[in-house]
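Reviewing the structure listed below.
Just so it is clear, none of the values below were taken in a lab; they were calculated from the coordinates. Source: prediction; values computed, not measured. Virtual Cβ from ideal backbone geometry, glycine too; neighbours counted across all protein chains shown.
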Amino acid sequence: MPLDVRVATSMAEAAGILTADQRTKLLSGGTLMMRDVNEGRLLDGTLLRITDPAYRQMNTSGARIELGAGVTMAMVSNNRDLAFLHAAARSIGGPAIRQMATIGGNLFAQTPYGDFAVALLALDAQVMVQSGYGSARSMPLDEFLGARERGVSGLVAGVQFSKPQNAADFRFRKVSRVKPKGIAVMSIAAHLPNTGGRISQARVAYGAMAPTAVRARGVERALEGKALDAASIQAAKAAALEGTRPATDAIASEWYRREVLPVHLGRLLTGEGR
Ligand SMILES: Cc1cc2nc3c(=O)[nH]c(=O)nc-3n(C[C@H](O)[C@H](O)[C@H](O)COP(=O)(O)OP(=O)(O)OC[C@H]3O[C@@H](n4cnc5c(N)ncnc54)[C@H](O)[C@@H]3O)c2cc1C
């Protein structure tokens, strides 16, 4: 049977179709999926497009940011309220890819892709998942990524997170061999809110250092309650590898990723080369 394309005009309709037919796959920006089609890995079944405006809606003016899963990297890059996320959005592919690539698709991209998910993880984002015709339920992104690895997901309707009170508290760094469009050796994001000169509720996340984006819990512990100074940065670097399981791929070996992670974490924390 050849490939078929269907269009859903509402999120609930899309979720209902995806739940009822396992051979139907959501086509978001299509930058990964159309590659599978063009290269013959996806030959039959149904591709589902969503035309519900909510899928690409952005609420960015308040303290709580809401982004539809169909929001593209270009839309993020062009939004002034999201300036703290521009580095993460612009780190993805070239301009043509960013015009199509969506936030929702990035949550499903296999490592070493998934750079935007790393930024969202450091922002403690909640993922709105719609399964069937009911209303969307919210789950923490790290829980979502764990479930995705076990093959359990659903239609991602959007993501929500609190805007950093101070843009300088949020940092993102992607390490790649080819600039500006290279695939990640690794990416690192950190949200380091500061109360009276002390870091409070540090969130640090890595990409390409495990099968999904992961939190750097050892680093978070090392920084919590501390001033961001030479001593705390040294402690964070010493804890950098906790919880990591990097792969060897065409971009870098597992050994290399482990070797350079503390160096790049140190540069992110000191603000070097920003
Ligand atoms: C040349 C090139 C360069 C790239 N560079 C980078 C890079 O630097 N960094 C990076 O992170 N990625 C990169 N990518 C990968 C990709 O472009 C991005 O990860 C992008 O965000 C994927 O989103 P999409 O909308 O195109 O996904 P699609 O191709 O539409 O979908 C990918 C998968 O996710 C599923 N999916 C998508 N949206 C949803 C949803 N809302 N709910 C449920 N399932 C969903 C689809 O069913 C499919 O299985 C690159 C790709 C190419 C081709």
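With a sphere of radius 15 Å drawn around the Cβ of THR72, what net charge do the other residues whose Cβ falls strictly inside it have (Lys, Arg +1; Asp, Glu -1)?
+3
Taking amide H atoms as placed 1.01 Å from N in the peptide plane, the amide H of LEU47 lies under 5 Å from those of ASP4, VAL5, ARG6, LYS25, each 5 or more residues away in sequence or on another chain.
For segment 167-270, what is the convex hull volume of the alpha-carbon atoms per residue, in Å³?
Working: hull volume 9.5 nm³, N = 104.
Taking only Cα atoms, segment 167-270 has a hull volume of 91 Å³ per residue.
Think of the chain as having a plus end and a minus end, set by charges on the Cβ of Lys, Arg, Asp and Glu; of VAL118, LEU26, ALA69, VAL118 sits farthest toward the positive end of this dipole.
Restricting the calculation to Cα atoms, the chain yields a radius of gyration followed by a Dmax of 18.7, 64 Å.
Within the shell defined by Cβ-Cβ distances under 11 Å, the residues around THR111 carry a net charge of -1, with Lys and Arg each +1 and Asp and Glu each -1.
Per-residue ellipticity at 222 nm for the chain, helices alone: DSSP H runs ≥ 4 residues times -39500 (n - 2.57), over residue total, nearest 500 deg cm²/dmol?
Value at 222 nm, helices only, nearest 500: -8500 deg cm²/dmol.
For segment 23-108, the fraction of C-alpha pairs farther apart than 14 angstrom is 66 percent. Only one residue of ILE188, LEU269, SER253 has its Cα farthest out toward the positive end of the dipole of the chain, where Lys and Arg carry +1 and Asp and Glu -1 on Cβ, and that residue is LEU269. Distance between the pseudo-spin-label points of ASP229 and SER200 (7 Å out from Cα toward the beta carbon): 2.0 nm. For LYS237, the lysines whose Cα falls under 22 Å of its own Cα, not counting residues fewer than eight places away in the same chain, are LYS174, LYS226. With a Förster radius of 41 Å applied to the beta-carbon distance between ALA147 and VAL178, the computed FRET efficiency rounds to 0.80.
Within segment 1-50, all pairs of alpha-carbon atoms sorted by distance into 5 Å bins from zero give the percentages 5, 22, 32, 24, 13, 4, 0.
Taking a Cβ cut-off of under 12 Å around ALA14, the surrounding Lys, Arg, Asp and Glu residues balance to a net charge of 0, with basic ones at +1 and acidic ones at -1. Relative contact order of the chain, taken over Cα pairs closer than 8 Å and 6 or more residues apart, is 15 percent.
For the pair LEU32 and ALA167, what calculated FRET efficiency results from E = 1/(1 + (r/R0)^6), where r is the Cβ-Cβ distance and R0 = 35 Å, to the nearest 0.05? It comes out at approximately 0.70.
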